[in-house]
1. Give me the pairs, please: first residue somewhere in segment 36-62 and within 17 Å of ARG75 (Cβ to Cβ) and of a type in the set (Ser, Thr, Tyr), second residue anywhere and assigned to a strand (DSSP E or B) and modelled with pLDDT of 90 or more, beta-carbon distance under 7 Å, and either six or more positions apart or on two chains.
2. Could you list all residues from segment 28-57 that are over 16 Å from ASN101 (Cα atoms) and either surrounded by fewer than 20 Cβ atoms within 10 Å (Cβ to Cβ) or hydrophobic (A, V, I, L, M, F, W, C) (or both)?
3. Of all residues being among the acidic types (Asp, Glu) and without any contact (Cβ under 8 Å) to a residue 60 or more places away in the chain in segment 63-87, which is nearest to LYS12 (Cα to Cα)? Just the residue, please.
4. Of all residues in segment 6-28, which are closer than 22 Å to ILE87 by Cα and of a type in the set (A, V, I, L, M, F, W, C)?
5. Which of the helices (runs of 4 or more DSSP H) contained wholly in segment 28-144 include at least 1 residues that are charged (D, E, K, R), modelled with pLDDT under 85 and touching a helix residue (DSSP H, G or I) at 6+ places or on another chain (Cβ under 8 Å)?
Amino acid sequence: MYYMIYVSQSTKPMLTPELEQLLQKSRAWNTSKSLSGLLIYRYSSEGKSGHFIQMLEGDKAEVRSVYDKIRLDKRHHTVLTLSEGNIENRMFSEWAMGFKNIDDATLSDLPGHARLGDSTFNPATFQQSNEEALKLLKFFHSAS
């Protein structure tokens, strides 16, 4: 089983209807391609910026194909791969695309992750320690 984790910055604030439409399309596509995963979005009103972090898992060719489409999607930029490789079992087998729209209160309980979505957030920090990104995803998976 192949997985990939990436982060990106949204080009503008994503409103709830936009996020719902994105999820509806993603879930249908992922189901048809036997992909699973989790998408987290955070908008910071202070920095007027938003970030995504996502883990996708499934067939390598399918995951890479979706990732290539994501990189070209005009709704976000600065798409950075944090981690990729093979795993024994799916982490999100029950979700075609799990989703969390997180806020400041939620992040304040997560040391080291409070800047996700802030204008000062540096995705390269996650690249240096992809375990931190995986811990964040696992936290939201276990909390649901």
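The values are calculated or read from the model by the stated rules, or taken from the named source; none is laboratory data. Predicted model only: the values in this text are computed from it and were never measured. Glycine also receives a Cβ, built like all others from the backbone with ideal geometry; neighbour counts cover every protein chain displayed.
1. If the second residue must be assigned to a strand (DSSP E or B) and modelled with pLDDT of 90 or more, no pairs are left.
2. Start the filter on segment 28-57 by keeping residues that are over 16 Å from ASN101 (Cα atoms), which leaves 28-36, 46-47, 56-57.
Once the filter is applied, which keeps residues that are over 16 Å from ASN101 (Cα atoms) and either surrounded by fewer than 20 Cβ atoms within 10 Å (Cβ to Cβ) or hydrophobic (A, V, I, L, M, F, W, C) (or both), segment 28-57 yields ALA28, TRP29, THR31, SER32, LYS33, SER34, LEU35, GLU46, GLY47, LEU56.
3. Going residue by residue through segment 63-87, those that are among the acidic types (Asp, Glu) are 68, 73, 84.
If we keep only those that are without any contact (Cβ under 8 Å) to a residue 60 or more places away in the chain as well, we get 68, 73.
Details: ASP68: 21, ASP73: 13 Å.
That would be ASP73.
4. Passing the criteria: only VAL7.
5. On the way: elements: 60-72, 104-108, 123-128, 130-143.
Where helices (runs of 4 or more DSSP H) fall fully within segment 28-144 and carry at least 1 residues being charged (D, E, K, R), modelled with pLDDT under 85 and touching a helix residue (DSSP H, G or I) at 6+ places or on another chain (Cβ under 8 Å), they are 130-143.
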